[in-house]
Amino acid sequence: MHRTHTCGELNLQHEGKNVKLAGWVQRVRNLGGMTFIDLRDRYGITQLAFNEEWDTELLEKARKTGREFVIQAEGTVIERSSKNPNMSTGEIEIRCSSLTVLNASKTPPFTIEDETDGGEELRMKYRYLDLRRNPLKENIMLRHRVNIETRNYLSSIGFLDIETPFLIKSTPEGARDFVVPSRMHEGQFYALPQSPQTFKQLLMVSGFDKYFQIVKCFRDEDLRADRQPEFTQIDCEMAFVEREDILNTFEGFLKHILKTVKGVDIDSIPRMTYDEAMALYGSDKPDIRFGMTFTGLNELTQNKGFNVFDQAELVVGINVEGCAEYSRKQIDALTDFVKRPQVGGSGLVWCKYNADGTLKSSVDKFYSPEDLKEWAEAMDAKPGDLLLIMAGPKDKTRKALNELRLHLAEELGLRKPDEFAPLWVLDFPLLEWDEDTARWYAMHHPFTSPYPKDIPLLDTDPGSIRANAYDLVLNGNEIGGGSIRIHDRDLQKKMFGILGFSDEEAKKQFGFLMDAFEYGAPPHGGIAFGFDRLVAILGGKESIRDFMAFPKNNAGRDLMIDTPSIIGEEQLKELRITITE
Ligand code: ASP
């Protein structure tokens, strides 16, 4: 037996017990006639003690071990003289009677500590060492817990875990497919799934009325900081349901996860339409942990001689509570922030509602104190508050003010990682018009059903149709999205038509689904959660990378195994692939 206990479990109750532990050397401290080794494993750290009075040879051996050596030690649990209340094992140490080096280690390229000195690249290259560090280890353990609780919950309410294939034909979800050449079928390719969308719908036709899968999905997109080419979804589908059923089922799911994983109870999840979200927050994934909602000020600002406001499609402001004392410098910094190209604002108007009840603004030339008072009332401001106002084209201005709102919330510490505020966003537009290609695109995907009442508009005004779709937003991040699907062949065919597919193309790409719809397809709908993101938010972070064991870097490379990489001539020949310079 390599060990009788882990490095995280011993305490004074075990005093006097003979134990065997195994793990990695975190630290060796030599103090004259004594040496202490901090022994680490997944469960914690236990202090091993060696003393020249007990055994000089053993002391020598202990001194020779280096960082990250794998060792095994045997000894007796004794009470520590200087206890460490911050450690679960901090009351005891092991008086060692034997020590075996199971494997030596080179000095690691960076320190295996909570705060490491290793740069991003280096840590990616030695990911297996980085994973020894507590913060990453905790993330991976959190991921496991969310995974298990997801399975427990969904299984307990009748969902079946069914695997779907990875070698498939492309599913149009708006991204590029990763393709896999077929050796046996010359010139033909599989595609890796962007999601199991069509398969889960087919499973509904098969009668498995509740399906789920924690599944890898692949999207060949230009990478952004928080995107990964392969990521994991909690993918779900249900038959004989309406939107309300799905919302209730997955409200139950999120409540379960928050309760079991974080010990947090939440009330029922509020709902908001897409239009409301855009008007109040300028975002379809608002962070509702804090206020600062938008107030439209067009009416109150017109015809006072301030051209910028007079000519703007939208004049809109937020009330930053308690910030009337912001200095010139602070406000200038905010103005610079909104003017950044990524934010896209053209400027910022401010109005301070001073503690003494007076109002002062950057546009005092045009607006009287009474005018400003009206703004303050419209924005529910009190003395001490700061009003920030932007103006311009509607969409652009909303987007910029959304960025400013989030930026301020970050600065003011309002985005608390241990607070969870979920929100359903409903009634998205079904279609988006793309100027460049002059055609409609499905905002969600082509299988999404229009809102039942809006179906007649398909022929007259497709742009105004709402989708029977929903997003689940958590702390300003979209953690899930789905829809009630089309289950009628003719409607699906029509939808493909609107999306610019000829009958022939639609048949070629989705013939299997349309065929299935002719054999008794039940009404159905579903949702998929971004598993990595959900775990990251539960861990209080927004970047998903540190919640995956082996992620790719920003350029889509795995630096540890060094891929993508060149393959051999033989392999290329077999696949009949010629690489041209
Ligand atoms: N397949 C969709 C997605 O990956 C989710 C869904 O509609 O269920 O976004």
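Using only Cα atoms, figure out Rg for the chain and give it as a multiple of 2.2 N^0.38 Å. Show your work: numbers first, answer last.
Working: Rg = 29.9 Å, N = 581, 2.2 N^0.38 = 24.7 Å.
Taking the Cα Rg and dividing by 2.2 N^0.38 Å, one obtains 1.21.
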Seminar exercise, completed: Here D for segment 470-552, in µm²/s, from Stokes-Einstein with a Kirkwood Rh over Cα pairs at 20 °C and 1.002 mPa s, works out to 138 µm²/s
Problem set entry | Charge-dipole axis of segment 339-415 as Lys and Arg at +1 and Asp and Glu at -1 on Cβ define it, positive-most pick from 408, 372, 350 | 408
For this session: Please name whichever of 109, 187, 491 sits farthest to the positive end of the charge dipole of the chain, dipole taken about the Cα centre and charges placed at Cβ: Lys and Arg +1, Asp and Glu -1.
Result: 109
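For segment 450-571, with every protein chain kept in place, what is the accessible area per residue (1.4 Å probe, Å²)?
On the way: 5470 Å² over 122 residues.
Here the per-residue accessible area is 45 Å².
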Exercise. Which value, in debye to the nearest 20, gives the size of the charge dipole of segment 182-293 about its Cα centre, when Lys and Arg are +1 and Asp and Glu are -1 at the Cβ?
Worked result: 380 debye
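With a probe of 1.4 Å, find how much accessible area segment 68-193 has per residue, and write the answer as a whole number in Å². Numbers along the way, then the final one.
Values: 7120 Å² over 126 residues.
Counting only protein heavy atoms, the per-residue value for segment 68-193 is 57 Å².
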Exercise. Tally Lys/Arg at +1 and Asp/Glu at -1 over every other residue whose Cβ is under 14 Å from the Cβ of residue 241; what's the total?
Worked result: -2
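Round to the nearest 0.05 the FRET efficiency obtained for residue 488 and residue 460 when R0 = 30 Å and r is the Cβ-Cβ distance.
Values: r = 19 Å, r/R0 = 0.65.
The pair residue 488/residue 460 has a calculated efficiency of 0.95.
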For this session: Express in % the proportion of alpha carbon pairs of segment 23-126 at distances exceeding 18 Å.
Result: 49 percent
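Rounded to a whole number, what % of the accessible area of segment 353-405 do carbon and sulfur atoms account for, probe 1.4 Å? Numbers along the way, then the final one.
On the way: 1240 of 2460 Å².
The computed percentage sits at 50.
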Exercise. Which distance in Å, rounded to a whole number, links the C-alpha centroids of segment 378-394 and segment 326-340?
Worked result: 15 Å
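Quick check: net charge around residue 431, other residues with Cβ under 12 Å of its Cβ, Lys/Arg +1 and Asp/Glu -1?
Numbers: positive: 439, 466; negative: 432, 434, 454, 461.
In short, -2.
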For this session: Go through 216/507; 453/493; 285/394; 200/453 and tell me which ones have a Cα-Cα distance over 22 Å in this structure.
Result: 216/507; 200/453
Problem set entry | Peptide ranges 527-540, 502-515, 42-55, 133-146 listed from the most packed, as the mean C-beta count within 10 angstrom indicates | 527-540, 42-55, 133-146, 502-515
Exercise. What area, in nm² and to one decimal, does the C-alpha convex hull of segment 58-192 cast on average over all directions?
Worked result: 16.2 nm²
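Provide the per residue accessible area, probe 1.4 Å, for segment 238-357, rounded to a whole number of square angstrom.
Averaged over the residues of segment 238-357, the accessible area is 49 Å².
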For this session: Return the tail of the calculated pair distribution for segment 113-190, meaning the percent of Cα-Cα pairs more than 19 Å apart.
Result: 66 percent
Problem set entry | Accessible surface of segment 162-265 [probe 1.4 Å, protein heavy atoms]: carbon and sulfur percent | 49 percent
For this session: Can you find, among 475, 43, 23, the residue farthest towards the positive end of the dipole of the chain? Put +1 on the C-beta of Lys and Arg, -1 on that of Asp and Glu.
Result: 23
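Just to verify a number: FRET efficiency for residue 107 and residue 441, C-beta to C-beta distance, R0 = 56 Å, to 0.05? Spell out each step's value before the answer.
Values: r = 54 Å, r/R0 = 0.96.
That gives a FRET efficiency of 0.55.
Using the 2.2 N^0.38 Å rule of thumb for compact globular proteins, work out how segment 439-581 stacks up: its C-alpha Rg over that value, please. Spell out each step's value before the answer.
Values: Rg = 21.1 Å, N = 143, 2.2 N^0.38 = 14.5 Å.
Here the Cα radius of gyration is 1.45 times the empirical estimate.
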For this session: Return the lysines within reach of residue 373: Cα separation strictly under 21 angstrom, same-chain partners fewer than 8 residues apart disregarded; answer none if there are no such residues.
Result: 304, 352, 360, 365, 382
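The values are calculated or read from the model by the stated rules, or taken from the named source; none is laboratory data. Everything numeric here is computed off the predicted structure, so don't read it as measured data. Reconstructed Cβ throughout: ideal geometry from the backbone, glycine too, with neighbour counts over all protein chains shown. For accessibility, only protein heavy atoms count, side chains too; no ligands or nucleic acids. Shrake-Rupley method; radii C 1.70, N 1.55, O 1.52, S 1.80 Å.
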